[in-house]
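Novice: Sharing a structure here in structure tokens format.
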Amino acid sequence: MSDSLLALFSLAATVAFYYLTKLAYQRKRVVWRAPILVAPLAVIALVMGLRIPLDDYFHYTHLLVMMLGPATIAFAVPIYQQRGIIRRYPVTLVIGVLTGLLLGLLSSWLLVRLFPLPAELANSMLVRSVSTPFAMEAASTFGGVPDITAMLVLITGITGMVVCEPVFRAVRIRTSLAKGVALGASAHGAGTAKARELGNEEGVIASLTMIFTGIAMVIGAPLFAHVLG
């Protein structure tokens, strides 16, 4: 198979894996069927099984990454649509965003201090607690590698999605507002998807918290990098 055909096959397979896993998850919503977990594993198995060179795999699939830019701009839509909730809970949202942002940075900073890591990996980890488009934008300010950051964001989101319900029960978090803020601030996209499963208000709150936390990270990245550097 030529390099061009292999690249097209990789793009088609990646999109197909996502939609197939999404359909499977809609039939039975259990964590181990979640597209954010299963689709990447399927892609890794494909690339390793067929020994597809990474240059060929990324030749066209990088177009999917480029879509993160328009996706970031599209975040303005839910902010406008849910402006009523913003007016209703301004203090809670602000506290949730600031708490999630600072705890995410602090926990990452402590991890890289406790466990010696290569500089690029350590710097890439600092922004793992915000959504992928924002994290990749802020990663360079910290001296990190955006691609590594994207992987760490994925791991963080999946972890938050898996452990959220046991944690909520353990610390007796019952309100939709608290659950939404916690998931949006700590587990970004995956957490927001989980919040939507818990309820409509949880999903809306998580979405708004995720967006504002990401914006705050990008705006504050130069200051955070200076303080933590």
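The values are calculated or read from the model by the stated rules, or taken from the named source; none is laboratory data. Given the structure is predicted, the values throughout are model-derived calculations rather than measurements. Using ideal geometry, Cβ is built from the backbone for each residue, glycine included, and neighbour counts are taken over all protein chains shown. Just the protein is used for accessible areas: all its heavy atoms, side chains included, with ligands, DNA and RNA removed. Shrake-Rupley method; radii C 1.70, N 1.55, O 1.52, S 1.80 Å.
Novice: Under 9 Å between Cβ atoms, at least 6 apart or on separate chains: pull out the pairs that start in region 208-227 with a residue that is under 12 Å from G104 (Cβ atoms) and end on any residue that is among the charged types (D, E, K, R).
Specialist: Taking only residues 6 or more apart or on different chains, the pairs are G214/E137; M217/E137.
Novice: Let me ask you something else. A45 - would you say it is in a helix (DSSP H, G or I), farther than 25 Å from H188 by Cα and of a type in the set (A, V, I, L, M, F, W, C)?
Specialist: Taking the combined requirement at face value, the residue satisfies it.
Novice: Which pairs turn up if I take residues in region 50-72 that are more than 20 Å from E137 (Cβ to Cβ) and look for partners that are of a type in the set (D, E, K, R) and outside any loop (DSSP other than H, G, I, E, B) with beta carbon separation below 9 Å, at least 6 apart in sequence or on another chain?
Specialist: Here the result reads P53/D3; D55/D3; D56/D3; H59/D3, each pair linking region 50-72 to a residue that is of a type in the set (D, E, K, R) and outside any loop (DSSP other than H, G, I, E, B).
Novice: Since L103 meets every condition but one in (1) under 16 Å from G220 (Cα atoms); (2) in a loop (DSSP other than H, G, I, E, B); (3) open to solvent by 20 Å² or more (accessible area, probe 1.4 Å), which condition does it not meet?
Specialist: Answer for L103: the failing condition is (2).
Novice: Among what's in region 27-49 and is free of Cβ contacts under 8 Å to residues at least 24 places away in the same chain and open to solvent by 100 Å² or more (accessible area, probe 1.4 Å), pick the residue that is farthest from P166 (Cα to Cα).
Specialist: The selected residue is M48.
Novice: Please specify each residue of region 192-212 satisfying the condition of being of a type in the set (S, T, Y) and over 13 Å from the mean Cα position of the chain (by Cα).
Specialist: Of everything in region 192-212, nothing turns out to be of a type in the set (S, T, Y) and over 13 Å from the mean Cα position of the chain (by Cα).
Novice: Then there is this: Look at region 185-203 and say how many of its residues are small (G, A, S), farther than 20 Å from K28 by Cβ and open to solvent by less than 50 Å² (accessible area, probe 1.4 Å).
Specialist: 4
Novice: Of all the residues that make up region 64-81, how many are open to solvent by less than 80 Å² (accessible area, probe 1.4 Å), of a type outside the set (S, T, N, Q) and assigned to a helix (DSSP H, G or I)?
Specialist: Of the residues in region 64-81, 10 are open to solvent by less than 80 Å² (accessible area, probe 1.4 Å), of a type outside the set (S, T, N, Q) and assigned to a helix (DSSP H, G or I).
Novice: Of the residues in region 115-130, how many are free of Cβ contacts under 8 Å to residues at least 24 places away in the same chain and among the small types (G, A, S)?
Specialist: Going through region 115-130 one residue at a time, the tally reaches 1.
Yes/no matrix, rows are residues, columns are (1) more than 28 Å from V65 (Cα to Cα); (2) of a type in the set (D, E, K, R); (3) out of contact with any Ser or Thr (no Cβ under 8 Å at 6 or more places or on another chain); (4) assigned by the TED database to the domain that holds A206:
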{"position": "L110", "(1), (2), (3), (4)": "yes, no, yes, yes"}
{"position": "D147", "(1), (2), (3), (4)": "no, yes, yes, yes"}
{"position": "A150", "(1), (2), (3), (4)": "no, no, no, yes"}
{"position": "T175", "(1), (2), (3), (4)": "yes, no, yes, yes"}
